[in-house]
Amino acid sequence: MSKKILLTGGGTAGHCVPNLALVPALKTHGFKPIYIGSYTGIERKLVTAEKIPYYAISTGKLRRYFDWKNFTDPFRVINGFFQAYGILRRERPDIVFSKGGFVSVPVVKAAKLLKIPVIIHESDMTPGLANKLSYSSASKICCSFRETLQYLPKNKAVFTGSPIRDSLLSGDRGQGFAFTGLTRGEKPTILVVGGSLGAQHVNEAVRHLLPTLLKSYNVVHLCGKGKLDESLKNTPGYVQYEYISSEMADLFAMADIVISRAGANAIFELLALKKPNILIPLPVGSSRGDQLLNARSFEKAGYSYLLKDEDLSDDTLTKAIKTVRENSIDYIQAMENAEESGAVEKIADLIAEIANK
């Protein structure tokens, strides 16, 4: 008889895509997946596209700073808890797997009340607030970085790496060139990935440097929703998209260098694909500093070139691209020796083990 697993996590693609990466392996283990996310987050679109039953609940952000929404969001969280409790009672999953984001907190708490086992996955080097609030409800806590183990309860922590979609590994370089309309073979290709929300400062830096870059490279630019530059629409050697889904594997396959923010999901995809890369983490003032820690870890391991957002300029970006291009073999060899591989199988096996207890 098949078992049922409830997946949760949302707010950004990074809290959802790893869940979807697990689905094929979970189905192999006999699990039927269902999903709880938010009403408006990107996870709703991504999950429903995979034909997975999706339930939306009310959610609020738990902020460490003053905001008028701090007075109303607790009521949204409480409402979300009762909604999640009702869904869990009806669906009766055998286990819950959470990738974090604030939508996951009421789901995890409701699961504990119903005595449904929970496994959490922490993507970043240091745990986020949503996951911290969920630790007491979890049977096991998986993490992407070995360094994260020191921050987790020792009896629950498991180093697994980060789950990556199998489909990303089967990209076709020729299909990438056909999709973008760029000419294959003339120049190496730079792929710029700003994440599902885009990265405005990176967008501006890349576009400012385009006249120089396009002399030596093709540039494929994923700039985020609403961030297309219409004045560059017909620039030879340059193509831009708001967001790419099914063609992403082909774009990665055609890329010789990737410029990216340093969210955990993004950098582990680059590691799995063994793509020489430049990481430009979100500055500490715009985040809790997790991307900088992620990037430093990958720089130390020899997987990535770290360029801080505050140091981003024509000169530093030119230097970074030149360095990565000239040392691409060294970056690839370092990534080939990485220990953070096989996360999908490790996590799916752990889920099956806990669910079958």
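The values are calculated or read from the model by the stated rules, or taken from the named source; none is laboratory data. Quantities reported herein were computed from a predicted structural model and do not represent experimental measurements. Methodologically, a virtual Cβ is constructed for each residue, glycine included, from the backbone with ideal geometry; neighbour enumeration extends over all protein chains shown.
What the table below lists for this structure:
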read-out: Test result for G174, closer than 30 Å to E345 by Cβ and either in a loop (DSSP other than H, G, I, E, B) or more than 23 Å from the chain's Cα centre (by Cα) (or both); value: yes
read-out: Test: residue in region 129-139 that is of a type outside the set (S, T, N, Q), in a helix (DSSP H, G or I) and either within 21 Å of E242 (Cβ to Cβ) or modelled with pLDDT of 95 or more (or both); value: no
read-out: Some residue of region 231-250 being within 19 Å of F177 (Cβ to Cβ), part of a strand (DSSP E or B), in contact (Cβ under 8 Å) with a residue 60 or more places away in the chain and not aromatic (F, W, Y); value: no
read-out: Residues located in region 294-342, provided they are buried (at least 19 other Cβ atoms within 10 Å of the Cβ) and in a helix (DSSP H, G or I); value: N294, A295, S297, F298, D309, L317, A320, I321, V324, Y331, M335
read-out: Verdict on S170 being surrounded by fewer than 23 Cβ atoms within 10 Å (Cβ to Cβ), in contact (Cβ under 8 Å) with a residue 12 or more places away in the chain, closer than 30 Å to C142 by Cβ and not aliphatic (A, V, I, L, M); value: yes
read-out: Filter result for A205 (surrounded by 15 or more Cβ atoms within 10 Å (Cβ to Cβ) and within 22 Å of L168 (Cβ to Cβ)); value: no
read-out: Unique match (being more than 24 Å from the chain's Cα centre (by Cα) and not assigned by TED's automatic domain parsing to the domain that holds T12) among K227, K187; value: K187
read-out: One residue from K27, K61 being surrounded by fewer than 18 Cβ atoms within 10 Å (Cβ to Cβ), at pLDDT 95 or above and within 25 Å of the chain's Cα centre (by Cα); value: K27
read-out: Answer from G10, G41 - the residue that is surrounded by 19 or more Cβ atoms within 10 Å (Cβ to Cβ), out of contact with any Ser or Thr (no Cβ under 6 Å at 6 or more places or on another chain) and at pLDDT below 90; value: G41
